[in-house]
Each structure stands twice: as structure tokens, then as C-alpha cells.
1. Which is of a type in the set (A, V, I, L, M, F, W, C) and in contact with a Leu (Cβ under 6 Å, 6 or more places away or on another chain), of F56, F19, F31, F61?
2. Look through T115, T81, T74 and report the one residue that is surrounded by 15 or more Cβ atoms within 10 Å (Cβ to Cβ) and touching a residue at least 60 places away in the same chain (Cβ under 8 Å).
3. Quick check on this structure: which one of L21, L101, L35 is assigned to a helix (DSSP H, G or I), crowded, with 18+ Cβ neighbours inside 10 Å and of a type outside the set (S, T, N, Q)?
4. Just to be sure before I move on: is S91 surrounded by fewer than 13 Cβ atoms within 10 Å (Cβ to Cβ), modelled with pLDDT under 95 and part of a helix (DSSP H, G or I) in the structure I sent?
5. Going by the conditions given, is I80 touching a helix residue (DSSP H, G or I) at 6+ places or on another chain (Cβ under 8 Å) and more than 20 Å from V129 (Cβ to Cβ)?
6. As an exercise: evaluate E66 against (1) in contact with a Ser or Thr (Cβ under 8 Å, 6 or more places away or on another chain); (2) surrounded by 20 or more Cβ atoms within 10 Å (Cβ to Cβ) and give the number of the one condition it does not meet.
7. Just the residues that are in contact (Cβ under 8 Å) with a residue 24 or more places away in the chain and among the aliphatic types (A, V, I, L, M), please, taken from segment 16-52.
8. Within segment 48-64, track down each residue that is part of a helix (DSSP H, G or I) and among the small types (G, A, S).
Amino acid sequence: MMIEIIMAYMASLSFAYIFNLNRRTAFLSAFGGSLGWLFYSISLSYFSDPNVAFFFGAVAFTYYGELMARKMRTPVTSYITPGLIPLVPGSGLYHTMLKSLEGDYNGALREGITTLMASGALAIGILMVFTLMKIYYLFKRRIIDEKN
């Protein structure tokens with residue numbers, strides 16, 4: 001599992017450099033990718049559905065990205081985009097196309113739906129964290145405004 005986490009870090013770091021992030025942000029965003037993969041791997045051992053693991057991985061790296069973006073005063077997409085790379089279900093897309101080209105349309109449909117569900121779990125995890133963080137800071141701002 002340690003090798004997988006290191007490879008997730010390297011993949012995120014590579015994409016951070018492709019996206020032309022500065023050195024400090026690149027290393028921190030790559031840590032988010034490895035954190036997401038760690039939560040994904042741990043969730044796979046606890047839940048039988050891989051979509052739940054994708055969801056928890058997305059929640060982990062998005063929460064980390066939100067916190068780091070606020071602390072470092074950089075856009076949150078600088079942390080979210082490279083952090084998402086290790087969890088992208090690319091093999092599902094590949095197998096969908098392969099089965100489609102082989103003429104196995106039922107298998108292609110099954111793979112496509114599975115890939116779509118994994119992508120949906122990632123999107124829901126990201127959106128949930130964004131929404132909860134926005135609500136938290138909105139209430140925090142209102143409480144501070146009421147005290148003044």
C-alpha cells in the first residue's frame with residue numbers, strides 16, 4: 001500500500017508541474033492526491049462497493065485542498081485538480097472502449113455504467129465538501145458580524 005501512495009503522490013506531482021503550479025503548491029497538492037488515495041485504499045478494505053471508496057477519497061483530498069487553499073491563500077483548484085488525478089477512473093474508460101470495439105456491447109454498457117458511477121461518487125464527494133465548507137464559513141461570518 002505504501003508504494004501505491006508514493007505513486008499517487010508522484011502522479012499528482014507530475015500533473016501539478018504540467019499545470020504550472022509553483023514548487024510549494026505543487027508539493028502540497030501532490031500530498032492531497034496521496035491522501036485521497038490513502039482514504040480510497042482504506043475504504044476499499046471496509047466497504048464492498050468501490051464507489052463508496054471513491055466518495056471517501058474525494059472527500060479527503062477536497063477537504064485537504066480547501067484547508068490548504070485557505071492557509072496558503074491560493075485558489076482551491078490548485079489543490080483539487082492535481083489531487084483528483086490518482087482517483088480518475090481511467091481504466092474503466094479504457095475497458096469500456098475496448099469492450100465496445102470488441103463487439104461486447106453488454107460488457108461495454110456495464111463498464112460504462114460502473115465508470116459513470118465512480119465519476120459520480122467523485123463529483124458528489126467534491127461538491128459535498130465545497131458546500132459544507134461554504135455553509136461553515138457563512139455561519140462563522142454571521143456569528144462574527146452579530147458580535148460586532
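The values are calculated or read from the model by the stated rules, or taken from the named source; none is laboratory data. Just so we're clear, the structure is a prediction, and the values are computed from it rather than from any experiment. Using ideal geometry, Cβ is built from the backbone for each residue, glycine included, and neighbour counts are taken over all protein chains shown.
1. Exactly one residue qualifies, and that residue is F61.
2. Exactly one of T115, T81, T74 is surrounded by 15 or more Cβ atoms within 10 Å (Cβ to Cβ) and touching a residue at least 60 places away in the same chain (Cβ under 8 Å), namely T81.
3. Result of the check over L21, L101, L35: L35.
4. On the way: surrounded by fewer than 13 Cβ atoms within 10 Å (Cβ to Cβ): yes; modelled with pLDDT under 95: yes; part of a helix (DSSP H, G or I): yes.
For S91, the condition - surrounded by fewer than 13 Cβ atoms within 10 Å (Cβ to Cβ), modelled with pLDDT under 95 and part of a helix (DSSP H, G or I) - is met.
5. The answer is no for I80.
6. With (1) in contact with a Ser or Thr (Cβ under 8 Å, 6 or more places away or on another chain); (2) surrounded by 20 or more Cβ atoms within 10 Å (Cβ to Cβ) applied to E66, the lone miss is (1).
7. A16, L21, A26, L28, A30, L35, L38, V52
8. Hits for segment 48-64 are A53, G57, A58, A60.
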